[in-house]
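Chemist: Handing you this structure, nothing more for now.
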Amino acid sequence: MKISKKQLKTIIREEYSRIINESMKNLYGDIQNEILAIGQEFGGEFVVQDVVDQFSEYANDPLGDPRANYVGSMTYDEILYIMHDMVEAGMLTGGYEDFFDVHPDYM
């Protein structure tokens, strides 16, 4: 079976897109798990700035991990958005004036 260059490019583009989407889903889950761990360290009650401060330590990873560098450079608003998603998913409670609690099921 022969494949044209155009068909090959299309296949490569689709596979690349699938891999990137899968990686981003995994990263999103890892970020949520890390937020839960930070909340647990703070005894269940924490604010968005606590997460921002922890994540900023991941920037400039000595091993050059691009995922760590991405997480380390996340903005306050990006983290707040994820934390509100976690409230909707039942992992966190609160979210009023940027105060959150880890849901008791996750403590």
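Chemist: Between Leu8 and Ile38, what length in nm is gained on full extension when 0.36 nm per residue of separation is reduced by their alpha carbon distance?
Modeler: Between Leu8 and Ile38, full extension yields an extra 6.3 nm.
Chemist: While we're looking at this one, here's another question. Given H placed 1.01 Å from N in the peptide plane, which residues other than close sequence neighbours of His103 have an amide H under 5 Å from its amide H?
Modeler: Leu92, Thr93
Chemist: Carbon-plus-sulfur fraction of the accessible area of the chain, 1.4 Å probe, in percent?
Modeler: 54
Chemist: Taking 0.36 nm per residue of sequence separation and subtracting the Cα-Cα distance, how much length would be gained by fully extending the chain between Asn69 and His84, in nm to one decimal?
Modeler: My answer for the length gained is 3.1 nm.
Chemist: So what is the 222 nm mean residue ellipticity for the chain from helices alone, if each DSSP H run of at least 4 adds -39500 (n - 2.57) and you divide by all residues, rounding to the nearest 500 deg cm²/dmol?
Modeler: After summing the helix terms and dividing by the residues of the chain, the value is -21000 deg cm²/dmol.
Chemist: Which net charge results for the neighbourhood of Glu22, defined as the other residues with beta-carbon distances under 14 angstrom from its beta-carbon, given Lys and Arg at +1 and Asp and Glu at -1?
Modeler: Net charge in that neighbourhood comes out at 0.
Chemist: For the pair Glu57 and Asp30, what calculated FRET efficiency results from E = 1/(1 + (r/R0)^6), where r is the Cβ-Cβ distance and R0 = 22 Å, to the nearest 0.05?
Modeler: According to the calculation, E is roughly 0.90.
Chemist: Something else: Once you have all Cα-Cα distances for segment 68-107, histogram them in 5 Å bins from zero and send the whole-percent values.
Modeler: 6, 23, 28, 20, 16, 7, 0
Chemist: Now for a different question. For segment 48-53, in order, what is each residue's ³J(HN,Hα) by Karplus, 6.51 cos²θ - 1.76 cosθ + 1.60 with θ = phi - 60°, in whole Hz (x at glycine and Pro)?
Modeler: 4, 4, 4, 5, 4, 4
Chemist: With every protein chain left in place, what is the accessible area of His84 in Å² (1.4 Å probe, nearest 10)?
Modeler: Probe radius 1.4 Å; accessible area of His84 about 70 Å².
Chemist: A further question follows. Based on the mean of other Cβ atoms within 10 Å per residue, sort peptides 30-40, 89-99 so the most packed one is first.
Modeler: Listed from highest to lowest mean packing, they are 30-40, 89-99.
Chemist: Quote the charge dipole size of the chain about the Cα centre in Debye, to the nearest 20; the model charges only the Cβ of Lys and Arg (+1) and of Asp and Glu (-1).
Modeler: 1380
Chemist: Label points 7 Å out from Cα along the Cβ direction at Met107 and Ile19: separation in nm?
Modeler: The modelled label-to-label distance comes out at 4.4 nm.
Chemist: Taking a probe of 1.4 Å, how large is the accessible area per residue of the chain, in Å²?
Modeler: 70
Chemist: Here's something else I'd like to know. Positive end of the dipole of segment 64-107, charges at C-beta (+1 Lys, Arg; -1 Asp, Glu), about the Cα centre: which of His103, Leu92, Asn69 has its Cα farthest in that direction?
Modeler: The residue sitting farthest along the positive end of the dipole is Asn69.
The values are calculated or read from the model by the stated rules, or taken from the named source; none is laboratory data. Note that the structure is predicted; figures quoted are calculated from it, not measured. Cβ: placed from backbone, ideal geometry, glycine included. Neighbour counts: every protein chain shown. Just the protein is used for accessible areas: all its heavy atoms, side chains included, with ligands, DNA and RNA removed. Shrake-Rupley method; radii C 1.70, N 1.55, O 1.52, S 1.80 Å.
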